[in-house]
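Quick notes on the structure that follows.
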Amino acid sequence: MYRVLVADRVDMVLVDMLRSSGFEVDYRPGISRDELISIIGDYDVLVVRGRLRIDGEVLKAAGRLRVIARAGVGLDNIDLDYARKLGVRVVNAPAAPTQSVAELTIGLMIAAARRVVELNYMLRSGGVWRKGYGVELYGKRLLVVGFGRIGRRVAEIAKAIGMRVYAYDVVDVSGVAEAMGVGVVGDLREGIGMADVVSLHVPLTPDTYHMVNSETIEWFREGAILVNTSRGAVVDAAAVLRGLEEGRLYAYAADVLEHEPPATEAEWRLVRHPRVVLTPHIGSQTREAQRRVAVETAKRIMEVLGVGQG
Ligand code: NAD
């Protein structure tokens, strides 16, 4: 029978599904790297989230491992090339958090437009009842950069609010976009230049690293709102800060930072800036998303090992 080590905290549905299909599951969330290396040799399946680095050292100790399952999306903590060389399959649950991240994106967008955090902070800390002005999203132009799973869901919700939505992507998304009533822009500069709100939904790659930088920040319209729930390093924090300080950006709303928690002076200044709404990478931190992650991950493990569901 297959032995599974669950090395991070997951929704227990994952454990229950595997057990009811005959797997022997050890649930050890919080296990240290050294401990992991010392026992991994006994397991066929390893389930992790983003906490542990599954590199060559770990994989060398994993004599009988057949599957690494990332209960979530990002695979940046796993040495994929090395795993492939050893014939270890890596699976994840890419679609599970889409709705949760899309909802947070829209929430951040509204919070930024209506200055929810800034005005709430004034009320809480100084008892200042100030009716600060905001802006509506209705009728505004939204540029979705990266028209994949999350980008498309954000576009749908934004359209329901009455935003005029445009997509920019490196692959041809014109068919889907047209069916959704979303415009397509072929040039990022032109797209950013006409948008009232820009929302980033690209993966972090060498091409998207610091996509918003000291040069591209100049492309934004005066008073634009920038939203980033993708990966922190897609923007250069110092450039965004400058955009805010020079008044070009009305607000920055994000769920991610290049360093989490913040590590650079620019990041700390961003966190404390009144026109910044920042959450600590909670995009997929909902009960529903974690449940979907658990179900999806268990299914993928069983699929790879050819085990039917009990
Ligand atoms: P996806 O793969 O479905 O979509 C990404 C899209 O970006 C694709 O259409 C791709 O063609 C496009 N793209 C790639 N490079 C590009 C470039 N240089 N310019 C323009 N478009 C480009 O991914 P997804 O599931 O929609 O996730 C989007 C992002 O959200 C990822 O960065 C992911 O890591 C992040 N994410 C964040 C959280 C969170 O907790 N905040 C949770 C899940 C996912």
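Taken along the Cα-to-beta-carbon direction at a fixed 7 Å, the label points for residue 110 and residue 26 span 4.7 nm. Length gained on full extension, residue 55 to residue 214, computed as 0.36 nm times the residue gap minus the Cα-Cα distance: 53.8 nm.
With an 8 Å Cα cut-off and a minimum separation of 6 or more residues, compute the relative contact order for region 1-118 in percent. Computed value for region 1-118: 21 percent relative contact order. Over all other residues within a Cβ to Cβ distance under 11 Å of residue 242, the charged ones net out to -2, with Lys and Arg as +1 and Asp and Glu as -1.
Tell me whether region 172-310 comes out rounded, prolate or oblate; compute the Cα gyration tensor, take square roots of the eigenvalues as a ≥ b ≥ c, and use a/c under 1.5 as the rounded threshold. Verdict is oblate for region 172-310. The orientation-averaged projection of the convex hull spanning the C-alpha atoms of region 98-278 amounts to 10.1 square nanometres.
The stretch between residue 95 and residue 161, if pulled fully straight at 0.36 nm per residue, gains 21.4 nm over its current Cα-Cα span. The largest-to-smallest principal axis extents of the Cα set in the chain are 62, 48, 33 Å.
In sequence order, region 61-68 has phi-based couplings of 7, 9, x, 10, 5, 10, 9, 10 Hz under the Karplus curve 6.51 cos²θ - 1.76 cosθ + 1.60, θ = phi - 60°, and Gly or Pro positions carry x. Counting other Cβ atoms within 10 Å as a rough exposure proxy, the listed residues 109, 163, 122, 1 run 1, 122, 163, 109 from fewest neighbours to most.
Residue 115 sits among other residues whose Cβ lies under 15 Å from its own Cβ, and their net charge, with Lys and Arg +1 and Asp and Glu -1, is +3.
Helix-only arithmetic for the chain: the sum of -39500 (n - 2.57) across DSSP H runs with n ≥ 4, divided by the residue total, places the mean residue ellipticity at 222 nm at -11000 deg cm²/dmol. Stretching residue 1 away from residue 194 to a fully extended chain increases their span by 63.6 nm, per 0.36 nm per residue minus the current alpha-carbon distance. Computed from the Cβ-Cβ distance with R0 of 51 Å, the FRET efficiency linking residue 84 to residue 245 stands at 0.65. In the chain, Cα pairs under 8 Å separated by at least six residues give a relative contact order of 18 percent.
Can you give me the relative contact order of region 153-303 as a percent, contacts being Cα pairs under 8 Å and 6 or more apart?
Contact order relative to length: 15 percent.
In plain terms, the residue of 27, 209 with the fewest other Cβ atoms within 10 Å comes first and the most crowded comes last, giving 209, 27. For residue 167, the residues whose amide H sits under 5 Å from its own are 144, 183, 184, 185, ignoring neighbours fewer than 5 places away on the same chain, with H placed 1.01 Å from N. Taking a straight Cα-Cα cut-off under 26 Å and skipping sequence neighbours fewer than 8 places away in the same chain, the lysines within cross-link reach of residue 140 are 131, 159. When each of 131, 159, 85 is scored by the number of other beta-carbon atoms lying within 10 Å, the sequence from fewest to most is 131, 85, 159.
Bear in mind these aren't lab numbers, they're just calculated from the coordinates by the rules spelled out. Fair warning: this is a prediction, and the values are worked out from it, not measured in the lab. Cβ atoms come from the backbone with ideal geometry, glycine included; neighbour counts cover every protein chain shown.
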